[in-house]
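The values are calculated or read from the model by the stated rules, or taken from the named source; none is laboratory data. Quantities reported herein were computed from a predicted structural model and do not represent experimental measurements. Please note: Cβ atoms are built from the backbone with ideal geometry, for glycine as well, and neighbour counts cover all protein chains shown. Keep in mind that these areas ignore ligands, DNA and RNA; they rest on the heavy atoms of the full protein, side chains included. Shrake-Rupley method; radii C 1.70, N 1.55, O 1.52, S 1.80 Å.
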Amino acid sequence: AVQADPDAAPDAGDAPILWTPSAERAEASEMARFMRWLSDTGRGDFPDYDALWRWSVEDAEGFWPALAAFFDLRFSSPPTRALGSDAMPGADWFPGATLNYTDQLFRWAEEDPDKTAIRWRRETARGTLARAEFAARAGALSRRLSAFGVTQGDRVVAILPNGPESLIAFAAAASLGAIWSLCSPDMGKAAVVDRFRQIEPKILIAANGYVHNGRRIDRGPFVAEVRQALPTLEKTLCARLLERAPALPDSEDFDAATAPDGQGAPPTVQVPFQAPLWVVYSSGTTGNPKPIVHSHGGILLEAMKFTLHADLKEDDVFQWLTASGWIMWNTQLVALLKGCTLTIFDGAPNNPDMGEVWRFAGETCVTYFGAGAAYFTACIKDGVKPTQVADLSAIRSISATGSPLPPEAYDWIYAHVASDCWLAPISGGTDLAGAFVGGCPLLPVRAGEMQCRWLGMAVEAWDEQGNRLDDAVGELVCTRPSPAMPLYFWGDEDGSRLHESYFDTYPGVWRHGDWIRIAPSGGSVIYGRSDATINRRGLRLGSSEIYRAVENLEEVVDSLVVDLEFLGKESFMPLFVALREGLTLDDPLRDAIKTAIRDAVSARFLPDDIVQIAEVPRTLSGKKLEVPVKKLLLGGDPERVVNRDSMSNPTSFDAFIAYAKARYGA
């Protein structure tokens, strides 16, 4: 069973308050407006957010239709009810309803056609796209795809960077009821083929190359190999993003296909609420990536709910630093669904230095800024002070995800980014293209905590026996269905792979695979992946606690820890550290690392070995590869425990193979 170590457990109770919304800001928030609307329409009076949350998880028939009505979502046929079946998996949402996700995107072109929808910047170019032009280009491409024979249910896939091209292509495909899927052009051939081959695409839209960190990268030969591995392809469109490089052979020009044809936005194909919208993928680092299918209606509801929790208004300028291979690319669409201006930074964030992203945010007057937690900690390690390189006075909200944001990063953001901003990290995942826990504009910000469980998400912490834990660390579970949960995994005919992924531990209850603590305030802390838990003589700890202690040291740039539990033997816990350039791990630094862990965590969690590495292996979305390293060091085949094409730094795994050979002679 999960046991709390009194010397290692996180502080009980609520963390210190760092920021509180003014009465004026709270009252003007979208969440407060929603609560007033609920009262005015006779749907319920809720004295505070906690009461609203409890209603949202206990009354699906009341909450989800209210959310749709509040945002005036366009159903061409109304639902007969909110939930036909509440089985999990297998919930039947909004039976009888028909709609199209993209109707919400294109409605803004009708209301204010000249407003900027997208402002983008690459290392070699930048530009803007007005709402009307965005709709017109998507419309032209939609009509071209239709001419190719694309119909509802066909798969349209793309290998494109984060930019206007990928957003236009998605909107065009989705308007037809086709199923969209996207990979980043910096992914390896095997990673792309492993994803796309499973869903048998009809159309491929691909870039001929891109520029990153000043390097011109021609992807023509790579795309040719991918095309050869996808026998179902009937047509390829080429986005010529790399100047002076040839177009892809036997392809149609993407710019020509998206040139406005005078007919405006596409007419949308109306599909059932639970019709597939897109396929996204698990990281694929330890096996074939899981092709996760989400629905038009479920993702639309989740996106509009996001705007409540992010307090997005039409005049906001939204930026989330992401590549197209991460689920946060999909989340950017939230801004367009709300009518905000979306700004896109596509390029190396450290070119010419780590201040470049902040300069772009200042130039474009970003009001809501988001990034992976690893980006913020990298800025801290690099000594960046954003307010010294950019005017960030427009920023009023900041968010983070991807991994736990340590309390030190909260302090750094308030000291060096915006002293009077609302800091609201979120935690969810690709699995539901949304969040379980995150921000609420009505609540205070506490150090190291996410403010609340999101509306409609019945999140709890459970022990191994399925008992709820209050103010203690346990498995993150969701006890009731949400419309953003996967419809199914593509090709998983009997549902066994879906069941194994989320429902095999607690039947009928979603187990996400994270350690979480729900604080008395209703806020929460994520402690890392539960399958990478540190277990020392029966006492468990999330790896993030050790990272926080170790990476606070000036000398340590990054770290990775795994606990190797051998049958019938004492566990062995090595800690791997990447140091600042020019430094070497010596005995004084080893002692400093141990002291940091002893002081911040517990002597029970001191590593059995400390090893210097050049860099920590990470996924394309920036997550540390704890599980593959653990499997390798427990004797796994190096060729099987990780798919290097799904890594952002594939050669980093070599150091762990060498360590395994040196230690075990394997």
(message) What's the ranking of 448-456, 168-176 by average number of surrounding C-beta atoms within 10 Å, highest first?
(response) 168-176, 448-456
(request) Pick out, from LEU575, ALA109, PRO267, the residue whose Cα sits farthest towards the positive end of the charge dipole of the chain, with +1 on the Cβ of Lys and Arg and -1 on the Cβ of Asp and Glu. (result) PRO267
(message) Taking the Cα centroid of the stretch 191-268 and of the stretch 341-386, what is the distance between the two, rounded to the nearest whole Å?
(response) 28 Å
(message) Taking 8 Å as the Cα distance limit and 6 or more residues as the minimum spacing, I'd like the relative contact order of the chain as a percentage.
(response) 14 percent
(request) For n ≥ 4 DSSP H runs only, could you compute -39500 (n - 2.57) per run for the chain, divide by its residues and tell me the 222 nm figure to the nearest 500? (result) -9000 deg cm²/dmol
(request) Report the charge-dipole magnitude of the stretch 142-229 in Debye, nearest 20, computed about the Cα centre from +1 at each Lys and Arg Cβ and -1 at each Asp and Glu Cβ. (result) 100 debye
(request) Quantify, in whole percent, the carbon and sulfur part of the accessible surface of the chain (1.4 Å probe; protein heavy atoms only). (result) 47 percent
(message) Below 8 Å between Cα atoms, with a sequence gap of 6+, how large is the relative contact order for the stretch 69-192 in percent?
(response) 18 percent
(message) Which one, ALA206, SER175, ALA135, is farthest towards the positive end of the dipole of the stretch 71-213 when Lys and Arg carry +1 and Asp and Glu -1 on their Cβ?
(response) ALA206
(request) Please go through the residue pairs LYS305/LYS338; LYS115/LYS338; LYS202/LYS290; LYS290/LYS623; LYS235/LYS290; LYS189/LYS290 and name each one whose alpha carbons sit more than 22 Å apart in this structure. (result) LYS235/LYS290
(message) At 1.4 Å probe radius, can you tell me the per residue accessible area of the chain in Å²?
(response) 37 Å²
(message) Calculate the FRET efficiency for ARG598 and PHE503 from the Cβ-Cβ distance with a Förster distance of 56 Å, rounded to the nearest 0.05.
(response) 0.90
(message) Give the residue list of GluC sites (Glu not before Pro) in the stretch 165-259 that are DSSP loop and have at most 11 other beta-carbon atoms within 10 angstrom.
(response) GLU243
(message) Once you order the gyration tensor axes a ≥ b ≥ c over the Cα atoms, which shape class does the stretch 221-292 get: rounded for a/c under 1.5, otherwise prolate or oblate by comparing a/b with b/c?
(response) oblate
(message) Suppose every Lys and Arg Cβ carries +1 and every Asp and Glu Cβ carries -1, with no other charges. What dipole size does the chain come out with about its Cα centre, to the nearest 20 debye?
(response) 1200 debye
(message) What does the net charge come to around ILE292 if you take all other residues with beta carbon closer than 13 Å to its beta carbon, with K and R at +1 and D and E at -1?
(response) +1
(message) From Cα pairs below 8 angstrom and at least 6 apart in sequence, can you work out the relative contact order of the stretch 460-590, rounded to a whole percent?
(response) 16 percent
(request) Would you rank ILE118, ILE17 by solvent-accessible area, highest first, keeping every protein chain in place and using a 1.4 Å probe? (result) ILE17, ILE118
(request) Mind running the shape call on the stretch 68-177? Use the C-alpha gyration tensor, a ≥ b ≥ c as the square roots of the eigenvalues: rounded below 1.5 for a/c, prolate if a/b tops b/c, oblate otherwise. (result) prolate
(request) Would you please put 413-421, 304-312, 62-70 in order of how densely packed they are, using the mean number of other Cβ atoms within 10 angstrom per residue and starting with the highest? (result) 304-312, 62-70, 413-421
(request) Find out how many positive minus negative residues lie around LEU498, taking Lys and Arg as positive, Asp and Glu as negative, among other residues whose Cβ is under 12 Å from that of LEU498. (result) -4
(request) Mind sorting out which of [x] 19; [y] 23; [z] 30 is the real percent of Cα pairs over 43 Å apart computed from the coordinates? (result) [x]
(message) With just the Cα atoms defining each centre, how far is the stretch 440-461 from the stretch 601-636? Give it in Å.
(response) 29 Å
(request) Give me the aspartates and glutamates in straight-line cross-link reach of LYS313: C-alpha distance below 13 Å, same-chain residues under 8 apart excluded. (result) GLU30
